[in-house]
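Comments concern the structure below.
The values are calculated or read from the model by the stated rules, or taken from the named source; none is laboratory data. Bear in mind the structure is a predicted one, so any value in this text is a computation, not a measurement. We place every Cβ from the backbone using ideal geometry, glycine too, and count neighbours over all the protein chains shown.
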């Protein structure tokens with residue numbers, strides 16, 4: 001009788017484990033190559049269901065209807081041109097314009113021109129750009145457009161003849 005129970009127990013263990021695992025062949029999502037896995041068929045079905053849900057757009061249910069309504073992503077295109085304040089809320093730094101007062105070979109010359117500029121135009125902000133070393137740019141003001149820089153440019157040109165308006169990244173809150 002002891003041997004009978006042992007045989008039945010071994011048979012039950014073998015019967016329960018033999019049918020569970022299957023060889024599953026799937027395609028890799030990146031390369032498209034065949035990928036062979038050994039797993040339970042139920043697990044494979046669950047994974048396939050999850051993959052299908054990820055591949056389709058999110059369903060939303062409208063009211064009492066049981067029919068799903070597929071919601072497409074909403075893209076908002078403004079019907080009017082954005083104001084400067086709306087642009088500034090989205091991007092604190094934008095491509096605008098600055099007045100390039102001079103381009104010099106040394107930092108000392110650039111600082112001297114900057115001080116001279118501040119004496120003549122105390123209401124305009126001056127900065128020195130050293131990104132083109134060994135040359136240094138002396139830049140003044142911040143403007144949204146080239147036209148808005150025009151009035152200040154004409155005043156600056158009377159003192160600094162080589163001044164031009166150049167496109168430059170500006171802080172939106174400082175721009176005119």
- Taking segment 123-133 and keeping residues surrounded by fewer than 13 Cβ atoms within 10 Å (Cβ to Cβ) and under 33 Å from the mean Cα position of the chain (by Cα) leaves 130, 131, 132, 133
- Note on the structure: With the first residue restricted to segment 155-175 and required to be within 12 Å of residue 140 (Cα to Cα), and the second required to be part of a loop (DSSP other than H, G, I, E, B) and at pLDDT below 80, Cβ contacts under 9 Å at 6 or more apart or on different chains are 170/144; 175/144
- Could you tell me whether segment 134-149 includes any residue that is without any contact (Cβ under 8 Å) to a residue 40 or more places away in the chain, surrounded by fewer than 18 Cβ atoms within 10 Å (Cβ to Cβ) and in contact with a strand residue (DSSP E or B) (Cβ under 6 Å, 6 or more places away or on another chain)? yes
- Task: Residues that are modelled with pLDDT under 80: find the strands (runs of 3 or more DSSP E) completely inside segment 72-170 holding 2 or more of those.
- Result: 93-104
